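These notes are about the structure you will find just below.
The values are calculated or read from the model by the stated rules, or taken from the named source; none is laboratory data. Note that the coordinates shown come from a computational prediction; the quantities given were computed from them, not determined experimentally. Neighbour counts are summed over all protein chains in view; Cβ atoms, including those assigned to glycine, are modelled from backbone coordinates with ideal geometry.
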Amino acid sequence: MTDWQEISGGITAPKGFKAAGIAAGLKPSGTPDLALIVSETEAIAAGVFTTSQVRAACVDYCRQRLQKKASSRAILCNAGQANAATGEQGWQDALESAKLLGDALNISPDEILLASTGVIGQRIRMDQMRQGIPTLANSLSDTGGDAAAKAIITTDLVTKSIALETTIDGRPVRIGGMAKGSGMIHPNMATMLSFVTCDGLVATPLWQKMITQAANESFNQITVDGDTSTNDCLIALANGQSRTPTITEMSKDAQKLQAMLTAVCQHLAKAIARDGEGATCLIEVQVSGAPDDEGARRVAKTIAGSSLVKSAIFGRDPNWGRIAAAAGRAGVTFRQEDLQVKLGDFLMMDSGQPLEFDRQGASNYLKQAAAGTYLQEDTVLISVCIGNGSGNGIAWGCDLSYDYVKINAEYTT
């Protein structure tokens with residue numbers, strides 16, 4: 001039983017937020033490629049960013065902005081060019097983009113955060129950006145969430161967005177989110193691109209702490225191909241328009257908001273893994289019995305990220321030995337004699353011993369998951385117990401298909 005309910009509106013469901021998405025000509029396909037999220041009032045801002053040493057200009061820009069002042073009014077995101085590994089000129093493009101938007105919105109560039117996605121090594125097409133930003137600003141709407149979600153995708157097959165609502169101090173509080181990602185997914189911070197809005201009011205240090213915790217339990221627990229992006233970011237704004245009291249510590253209300261925030265991020269994270277390039281199913285790995293939650297999460301993500309496990313699932317081969325091997329190399333100490341492995345309802349190993357199981361039935365289970373529809377009965381569940389510790393963790397991934405190689409072999413050609 002949850003303390004919240006799903007509502008419509010996505011990123012603009014929280015009060016005081018508007019969004020827009022347009023086709024500015026940044027992508028050769030002519031599809032939407034420029035998105036904007038704006039809070040009507042100053043919002044507390046928090047972010048989690050890639051730990052890669054090769055970073056996009058937008059990542060460094062946001063880090064610097066948030067270090068100076070943890071608040072913002074707007075997030076501008078372009079698709080088509082990553083503006084990563086573009087040197088000083090890429091940095092100047094980021095600065096100009098913020099200034100252009102500031103002029104269009106009549107706000108300071110210091111109140112703007114940036115995100116980019118696309119091909120690494122390519123600068124933003126600034127001619128198209130200069131022409132597009134005024135149109136984008138004029139397109140802002142409190143129902144613009146869907147348009148914005150469409151404008152940030154690249155190889156994604158579907159958009160990813162959600163909004164949830166709970167009650168705090170007798171008043172509704174909402175969190176909305178949207179994300180993009182399909183390939184180059186193995187975050188070591190947050191996710192490819194994800195944006196969260198909230199109309200609650202949270203003290204700055206606590207909001208950053210809550211965002212980091214939510215990322216650790218969601219985006220940091222997904223993998224498609226083992227590659228972390230140069231542009232990964234999770235940016236979250238809380239503007240206080242719900243008119244609820246400011247949350248300053250981890251009270252009961254803060255815990256309620258944290259749980260809803262994590263639920264939003266987990267929904268988006270699973271949507272990214274499910275939409276992995278060439279994928280036919282979502283893989284969920286549940287690990288229990290670890291010394292602590294961190295260890296359990298590490299084992300779960302190692303299994304979800306194993307190319308051998310992913311390939312076996314694509315081939316509908318219930319080869320549990322690959323699951324056991326991945327658990328063993330995760331860097332978490334446990335006794336082999338305690339290992340238990342299940343695939344769906346099929347118990348394959350218990351107390352470190354292999355068991356007889358219905359191999360054809362297990363293969364059919366994998367086939368049924370691959371035949372499932374998006375967001376419905378398309379999940380392969382792997383359950384692993386490594387001892388009697390209190391640690392539990394979950395990770396999400398997808399299978400590895402022929403199409404993944406084809407998509408990425410031809411990515412720039």
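Is it true that Thr333 is assigned to a loop (DSSP other than H, G, I, E, B) and out of contact with any strand residue (DSSP E or B) (no Cβ under 6 Å at 6 or more places or on another chain)? Let's see the steps before the verdict.
Numbers: assigned to a loop (DSSP other than H, G, I, E, B): yes; out of contact with any strand residue (DSSP E or B) (no Cβ under 6 Å at 6 or more places or on another chain): yes.
For Thr333, the condition - assigned to a loop (DSSP other than H, G, I, E, B) and out of contact with any strand residue (DSSP E or B) (no Cβ under 6 Å at 6 or more places or on another chain) - is met.
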Go through the residues of region 81-93 one by one and say whether even a single one is in contact with a Phe, Trp or Tyr (Cβ under 9 Å, 6 or more places away or on another chain), of a type in the set (Gly, Ala, Ser) and either in contact (Cβ under 8 Å) with a residue 12 or more places away in the chain or within 16 Å of Met126 (Cα to Cα) (or both).
-> no
For region 199-211, pairs from a residue that is assigned by TED's automatic domain parsing to the domain that holds Thr41 and modelled with pLDDT of 95 or more to a residue that is of a type in the set (Ser, Thr, Tyr) and assigned to a helix (DSSP H, G or I), with Cβ under 8 Å and 6 or more apart or across chains, are none
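Name the residue, out of Asp275, Asp199, Asp225, that is touching a His at 6+ places or on another chain (Cβ under 8 Å) and crowded, with 19+ Cβ neighbours inside 10 Å. Before the answer, list the steps.
Values: Asp275 fails: touching a His at 6+ places or on another chain (Cβ under 8 Å); Asp199 fails: touching a His at 6+ places or on another chain (Cβ under 8 Å).
Result of the check over Asp275, Asp199, Asp225: Asp225.
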Kindly indicate whether any position in region 385-401 is outside any helix (DSSP H, G or I), among the charged types (D, E, K, R) and at pLDDT 85 or above.
-> yes
Within 20 Å of the chain's Cα centre (by Cα) and crowded, with 20+ Cβ neighbours inside 10 Å - does that describe any residue in region 100-114?
-> yes
Count - residues of region 149-167 that are outside any strand (DSSP E or B), among the β-branched types (Val, Ile, Thr) and in contact with a helix residue (DSSP H, G or I) (Cβ under 8 Å, 6 or more places away or on another chain) | 3
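So if I check each of Ala35, Ala79, Ala43, Ala74, which one is at pLDDT 95 or above, under 23 Å from Gly144 (Cβ atoms), in contact with a Cys (Cβ under 7 Å, 6 or more places away or on another chain) and surrounded by 24 or more Cβ atoms within 10 Å (Cβ to Cβ)? Full working, then the answer.
Working: Ala79 fails: in contact with a Cys (Cβ under 7 Å, 6 or more places away or on another chain); Ala43 fails: in contact with a Cys (Cβ under 7 Å, 6 or more places away or on another chain); Ala74 fails: in contact with a Cys (Cβ under 7 Å, 6 or more places away or on another chain).
Answer to the selection: Ala35.
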Report, by residue number, each residue of region 366-384 that is at pLDDT 95 or above and over 26 Å from the mean Cα position of the chain (by Cα).
-> none
Result of the Cβ filter at 9 Å on region 303-320, keeping first residues that are within 13 Å of Ala370 (Cβ to Cβ) and partners that are among the β-branched types (Val, Ile, Thr) and at pLDDT 95 or above, at least 6 apart or interchain, is Lys310/Ile283; Ala312/Ile323; Ile313/Ile283; Ile313/Val380; Ile313/Ile382
